[in-house]
1. Could you tell me whether any residue of region 79-89 is modelled with pLDDT of 95 or more, within 22 Å of TYR174 (Cα to Cα) and among the aromatic types (Phe, Trp, Tyr)?
2. For PHE16, work out the one condition from (1) open to solvent by less than 40 Å² (accessible area, probe 1.4 Å); (2) over 18 Å from TYR88 (Cα atoms); (3) over 20 Å from the mean Cα position of the chain (by Cα); (4) in contact (Cβ under 8 Å) with a residue 24 or more places away in the chain it doesn't fulfil.
3. The conditions are (1) over 19 Å from THR63 (Cα atoms); (2) hydrophobic (A, V, I, L, M, F, W, C); (3) in contact (Cβ under 8 Å) with a residue 24 or more places away in the chain, and LEU125 fails exactly one of them. Which is it?
4. Taking the stated definitions as given, is PRO153 in contact with a Ser or Thr (Cβ under 6 Å, 6 or more places away or on another chain) and either in contact (Cβ under 8 Å) with a residue 60 or more places away in the chain or not aromatic (Phe, Trp, Tyr) (or both)?
5. Consider SER41 carefully, then state whether it is out of contact with any Phe, Trp or Tyr (no Cβ under 6 Å at 6 or more places or on another chain), exposed (fewer than 13 other Cβ atoms within 10 Å of the Cβ) and not β-branched (Val, Ile, Thr).
6. Please specify each residue of region 156-180 satisfying the condition of being assigned to a loop (DSSP other than H, G, I, E, B), within 23 Å of GLU191 (Cα to Cα), in contact (Cβ under 8 Å) with a residue 40 or more places away in the chain and open to solvent by less than 30 Å² (accessible area, probe 1.4 Å).
7. Give me a count of the residues in region 44-72 that are loosely packed, with under 15 Cβ neighbours inside 10 Å and either touching a residue at least 40 places away in the same chain (Cβ under 8 Å) or hydrophobic (A, V, I, L, M, F, W, C) (or both).
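The values are calculated or read from the model by the stated rules, or taken from the named source; none is laboratory data. Worth saying up front: this structure is predicted, and the values here are computed from it rather than measured. Cβ: placed from backbone, ideal geometry, glycine included. Neighbour counts: every protein chain shown. Keep in mind that these areas ignore ligands, DNA and RNA; they rest on the heavy atoms of the full protein, side chains included. Shrake-Rupley method; radii C 1.70, N 1.55, O 1.52, S 1.80 Å.
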Amino acid sequence: MAIITLTTDFGEKDHFAGATKGAIYSELPDVKIVDISHSVSPFNIPEAGYIIQNAYSSFPKGTIHIIGIDSEINQENKHIALKLDDHYFICANNGIISMICSEIMPEKIVEINIHDKIQTSFPVLDVFVKVACHIARGGTLEVIGKPINEIKPIKNIVPYVNDDKTQIIGSVIYVDNYGNVITNIKRDFFETIQKGRAFEISARNYKFKTIFKKYSDIVNFKIPEEKRFDEGRGLVVFNSGDFLEIAVYKSNSATIGSASSLMGLGIMDTVSVNFIKE
């Protein structure tokens, strides 16, 4: 049974997500549809890229991923389908897939060219669904597009490193449901520049000199629970996707606050790492 995933900024109020699923089932009644997220911030390319990068590999090989973000076609925003890491992705060529492509080279990329056969103002429903169902039936990418070699990158996907390798300047690319702030600094990149040196991470007026392995490592369990007051303390971890993350222990935006709300950090804000000379 084919699996088709959906990642969009459609939200839950409107008909778009439901109509897309209905169109898929109309063509392939036995397909399995999985919602990765419909809550991507509208037109937020880095956010969508982060979500799909961290979700796709949990699915079986051969899964088809429809990404419906900023998908209106124009001369600067073509539609593409690609095979990468034995998965298929269908999206606009707007940089959304470049976070994955920065680490894994696509096996094949095509620019979708079936638009002359389909009149549409809703390309995810009318174009992406047709392409996904074609692939699910065993069809090849060449039938629905012409091969291309490159895709559009996301701006600022790679952090800046100064000439003497004493500083990384990254940026916030995602704020999760807990208000944790995720940067574009990955563990391997950090450790390559660090070379074992001590460091200080700065985000606005907040500074951190330790990266914990997990959130609860900030807790001193030798102190009685009623005397700890750990909730609301800021910390830094490499999260499950190996991205540098600034978090608040047991954050809750409605009560103690979150890294985003307490530190005033949002998308594209700067997070820097300064390495201390030995």
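1. Yes, there is a match, as at least one residue in region 79-89 is modelled with pLDDT of 95 or more, within 22 Å of TYR174 (Cα to Cα) and among the aromatic types (Phe, Trp, Tyr).
2. (1)
3. (1)
4. yes
5. So SER41 fails the test.
6. THR166, ASN180
7. Residues meeting the conditions: 3.
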